[in-house]
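Structure record follows, encoded as structure tokens.
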Amino acid sequence: MELDSIECVSYSDGMEDDDDAAAVTSSQLPRPFLKSASSAGSAAAAAAINVVVVSDRAGAAGGPGGAGAGPLVISPATGVHELLECPVCTNSMYPPIHQVRTPVCPAPIRFLPSFSGILACLSSGFASRDLLCQNGHTLCSTCKTRVHNRCPTCRQELGDIRCLALEKVAESLELPCKYYSLGCPEVFPYYSKLKHESQCNFRPYNCPYAGSECSVVGDIPFLVAHLRDDHKVDMHSGCTFNHRYVKSNPREVENATWMLTVFHCFGQYFCLHFEAFQLGMAPVYMAFLRFMGDENDARNYSYSLEVGANGRKMIWEGTPRSIRDSHRKVRDSHDGLIIQRNMALFFSGGDRKELKLRVTGRIWKEQQNPDSGACIPNLFS
């Protein structure tokens, strides 16, 4: 819904032999790990499959892996994670894992010289998550319909037979969070990684623009530039605002955002939303503030909104919501200043045929009082 006028006042490659393995360190993340339930026999097992055993701490007695040693992880050759990566969408693949037919391994696994040989055997007949073609190419189930049940590499028909062996391989892996390059240091079991990534504090933010279904994601500086350059959003500095919203036909109420303004204060960015929508059968106007950052940081700030005229006014005070919460989620929770249309027209004055609302407000930072532990407002940017 357009305004007739808006006045703004104010992720090493793997080991080739055992000698090279000695040079591998845990700092070579991101890479997959094989976990060992206990330290007993782990060194022999590692030698058998040509991998390096890495402990997260030195043993209290007997050196690494001895009594008192921390949990062990086994770092395999590079490429393990690639067997579990969809070539179409590049996402990790999860059970159920399937195969086209019973695979024929070129040699018994016990005679394979390295862990990479085991993987080569597995990959000759197994597929991750849902699908494997006759030539061993893998594909996730989500992408199956996108390629019409045909391997995108060789065009063979995809199969649908459960493969437990590769599922067990996946169970033994530990992988870094996909957002390691953005600063996340966490490492998770393969099947736990997806849940963490959906809630990772380092994951990118969605574009907060509510006027369209924008799919852009990024960090805060990127999104600020995106809002300014692509959505042509008004940018303001300061912790107070004074906006006048004018609509010539206020009886035309649609579920559309009227206005988004970005404010920069306290070194942070805030999104002020003002819009009209139907609340049940009643048309209402709503204003609310969102913080461009994490929810925990948003709690450090408060804001107030005020609208009124003719000796009457409505005041709202609250904590800005993080843009981690979608615009629709915030709006549907009614967490903001809500004005009924009749009241909005009263505040507009005149013959009540034109909406003229002036919304003022301010943002302040809550500071911890070191003596009492209470929060006191800081009204200065």
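Going by neighbour counts of Cβ atoms within 10 Å, the residues Lys193, Lys313, Lys232, Lys144 line up, fewest first, as Lys232, Lys313, Lys144, Lys193. Multiplying the residue separation of Asp230 and Asn342 by 0.36 nm and removing their Cα-Cα distance gives an extension gain of 36.8 nm. What FRET efficiency, computed as 1/(1 + (r/R0)^6) with R0 = 45 Å and r the Cβ-Cβ distance, is obtained for Asn242 and Thr142, rounded to the nearest 0.05? The computed FRET efficiency comes out at 0.40. Applying the criteria of a DSSP loop state and at most 11 other Cβ atoms within 10 Å to the chymotrypsin sites (Phe, Trp or Tyr not before Pro) of the range 278-369 yields no site. Stretching Ser304 away from Lys329 to a fully extended chain increases their span by 7.0 nm, per 0.36 nm per residue minus the current alpha-carbon distance.
Mind giving me the FRET efficiency for Tyr191 and Asn149? R0 is 25 Å, r the Cβ-Cβ distance, nearest 0.05 is fine.
It comes to 0.45.
Here Val217, Val307 are placed in order of increasing Cβ neighbour count within 10 Å, fewest first, which gives Val217, Val307.
Set the Förster distance to 41 Å, then compute FRET efficiency between Leu182 and Asp351 from the Cβ-Cβ distance, nearest 0.05. Calculated transfer efficiency: 0.15.
Counting other Cβ atoms within 10 Å, which trypsin sites (Lys or Arg not before Pro) in the range 340-370 have at most 16 and lie in a DSSP loop?
In loop regions of the range 340-370 (DSSP not H, G, I, E or B), the sparsely surrounded trypsin sites (Lys or Arg not before Pro) are Arg352, Lys353.
Determine which residues of the range 275-293 fall in the zone a paramagnetic label at Glu317 would reach in this model, i.e. backbone nitrogen under 18 Å from the point 7 Å along Cα→Cβ. Label zone hits: 288-289.
Every number in this text was worked out from the coordinates using simple rules, so none of it is lab data. Fair warning: this is a prediction, and the values are worked out from it, not measured in the lab. Reconstructed Cβ throughout: ideal geometry from the backbone, glycine too, with neighbour counts over all protein chains shown.
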